[in-house]
Structures are given as C-alpha cells and as structure tokens.
1. Only one residue in ARG165, ARG178, ARG174 is surrounded by 13 or more Cβ atoms within 10 Å (Cβ to Cβ) and either touching a residue at least 40 places away in the same chain (Cβ under 8 Å) or not in a helix (DSSP H, G or I) (or both). Which one?
2. Could you list, in sequence order, all residues of the stretch 135-157 that are in contact with a Pro (Cβ under 8 Å, 6 or more places away or on another chain) and assigned to a helix (DSSP H, G or I)?
3. I need the full set of residues from the stretch 181-201 which are touching a residue at least 60 places away in the same chain (Cβ under 8 Å) and in contact with a helix residue (DSSP H, G or I) (Cβ under 7 Å, 6 or more places away or on another chain), in order please.
4. Kindly indicate whether ALA195 is of a type in the set (A, V, I, L, M, F, W, C) and surrounded by fewer than 17 Cβ atoms within 10 Å (Cβ to Cβ).
5. Restricting the search to the stretch 226-238, which residues are surrounded by fewer than 16 Cβ atoms within 10 Å (Cβ to Cβ) and of a type outside the set (Gly, Ala, Ser)?
6. Counting residues that are not β-branched (Val, Ile, Thr), which strands (runs of 3 or more DSSP E) fully inside the stretch 10-129 reach at least 3?
7. Examine the stretch 198-220 for a residue that is among the hydrophobic types (A, V, I, L, M, F, W, C) and more than 20 Å from THR77 (Cα to Cα), and state whether such a residue exists.
Amino acid sequence: MAEHGTYLVGDRVFPYYRFGSGDVPLVVLPGISDALRPEGTSTVAGALLQYGTFRAYRGYDVWVVGRPHDLPGDATTQSMADDYAALLDRIGEAHVLGLSMGGLIAQHLAADHPELIRRLVLGVAGAQVGPEGRETLDRWAAWGGKHRFRDVYLDAVEVSYTGYRRLLYPPIVRAASRLLREPAAPDDFVVSCAACRDHDGSEALSEIEAPTLVIGGSHDHFFPEATLRETAAEIDGAKLALLGGTGHAAYEERRGDWDATVTAFLAEEL
C-alpha cells in the first residue's frame, strides 16, 4: 500500500503519498482541488492514487505532494514553487509532473531551481489562464469565501469535462458532495484561486532548461489550445501533445493516451 503522511521542511508541512517500485523520483504537483482536501491523509486515498490515477507510473518512486495548509494570503505560484524546491532538496533530482495549478507552480520550480528537475511535464497548464478561466476562478473564489464548496464541485464538472461525462457526472457529484468533509483550511482555496488567476509564466518559460512536455486537451476551458501551443513554443525544445476532443480533464477523458504519452516522454522515447 502507498506510504502516506506529512513531510516537515522547515515550518512547512507537506501532505504526501508515496508508492512505486523504481529508484527515480517522480514528484506530482496536484491541481487546485488539493486546497479542498480535508485534514490528514488516508489509506483509501493512497490506494486510489496508486492503483487508479497514477497506476501507469508505479515503475517510478512516485511522490504525490500537496501544498501546506494555511497559505499566506499573498501566496503566489512562484512562492509555492519555492516551498516545493525546499522539499525536492530532500527528495533529490526528480521528474516533475504538474497538473493544472501544479503545472503553473512547476513552471517557476523548473525556471528558478533547474538543478532539481530531470524532466518536466506540464499537464493541462499553460503560461496564463485564459479569460473564461479567470472568470471561473473569480466565481469559485467568491463561493469559497462563503464555503459554498458544493457549487464549486458542480461547476468544476461543467467546465472541465466534455461529451457524456458532462451530462453523467453532475448528478453523481451532487450526491457525493453531501458526503464530503469540509476542507481543512477553506481560505486556502480562495488564495489558490487568486494565485492561478494572477499567474504569468511567460518570463519563466524561457528559463526552463529541463526537457519538457506540454500536454493538454484541445478544448480546455482554462488553457485554450492556442495558449498551450504558445506555452510549448516558448520553452526551448519542448514537445506538445494535444488530445483532441477533451477539456481540462483530458487526463481522465483519454487516460490511456495521456499515460502512454507521458510515460514515453519520461522514458525518453518521445
């Protein structure tokens, strides 16, 4: 089973899950939903990550690492990257897979701390959030400030999925949301929304030295295709993979293609 707990670096406490049989670390930086997690870690969540979401990566030493609770009100994706850098100093040079907000943080991590990164994957993440995405983040922040997290969950389905999932998932989420516990630090979600909305990685991209893959959906609400293309073009030698017909949840909508592309890139076969 996945190891789980907290990792103390200075005064920052990182919740983490660790699994896999390999020697090469793969550090996963999760998306904004990390700010909605309840207190602590769990065996069940670890099993879902190990045998579900990240099962294709178990040949690595996988670390799924969340952000510390009680983020400063002025926290940015760059300051969060510095926090992660202190952790990677302990783990050692690693592949980094940043998903959505995690990909925004990973841009600064790779630019400012190149010695820590082997290969970089920016998953459903571009240099800036698009106009529609910024409006959504402002809406979520307003709801988060009122602890209306059920509205956030339902809206996230609406803007993240395409096709049948967009129709099928809302009633499931509506029912499941009644069972979800309150976030451990509700204000972290509001801070995270602002950090994503204000993120500008345009200067950081040109400083990235690690081999990089930009992968996302062709119909992403937050990072339109043009943004993903421009992001890849600004990183020296970066590869771009667009999964047609998918949205911000491209890693779920076409998981097989996503995993095959990412694992090939990490193995230097792409």
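The values are calculated or read from the model by the stated rules, or taken from the named source; none is laboratory data. From a predicted model like this one, the values you see are computed outputs, not experimental measurements. Here the Cβ positions follow ideal geometry from the backbone for every residue, glycine too, while neighbour counts run over all protein chains shown.
1. Working: ARG178 fails: surrounded by 13 or more Cβ atoms within 10 Å (Cβ to Cβ); ARG174 fails: either touching a residue at least 40 places away in the same chain (Cβ under 8 Å) or not in a helix (DSSP H, G or I) (or both).
Testing whether each residue is surrounded by 13 or more Cβ atoms within 10 Å (Cβ to Cβ) and either touching a residue at least 40 places away in the same chain (Cβ under 8 Å) or not in a helix (DSSP H, G or I) (or both) leaves just ARG165.
2. The initial filter retains those residues of the stretch 135-157 that are in contact with a Pro (Cβ under 8 Å, 6 or more places away or on another chain), namely 144, 147, 149, 154, 157.
Residues satisfying the conditions are GLY144, PHE149, LEU154, VAL157.
3. Within the stretch 181-201, the subset touching a residue at least 60 places away in the same chain (Cβ under 8 Å) is 181-185, 187-189, 191-193, 195-201.
Residues satisfying the conditions are PRO183, ASP188, PHE189, SER192, CYS193, ALA195, CYS196, ARG197, HIS199, GLY201.
4. No, not satisfied.
5. Let us first name the residues in the stretch 226-238 that are surrounded by fewer than 16 Cβ atoms within 10 Å (Cβ to Cβ), namely 226, 229, 233, 236-237.
Selection gives ARG229, ASP236.
6. Numbers: elements: 12-19, 25-29, 61-65, 94-99, 117-123.
Filter on the stretch 10-129 gives 12-19, 25-29, 94-99, 117-123.
7. Within the stretch 198-220, the subset among the hydrophobic types (A, V, I, L, M, F, W, C) is 204-205, 208, 210, 213-215.
Among the residues that remain, those that are also more than 20 Å from THR77 (Cα to Cα) are: none.
Checked the stretch 198-220: no residue is among the hydrophobic types (A, V, I, L, M, F, W, C) and more than 20 Å from THR77 (Cα to Cα).
Residues are listed down the side, and each one gets a yes or a no for (1) closer than 23 Å to VAL159 by Cα; (2) more than 16 Å from the chain's Cα centre (by Cα):
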| site | (1), (2) |
| --- | --- |
| GLY22 | no, yes |
| ASP34 | yes, no |
| ALA47 | no, yes |
| PRO72 | no, yes |
| HIS108 | no, no |
| VAL121 | yes, no |
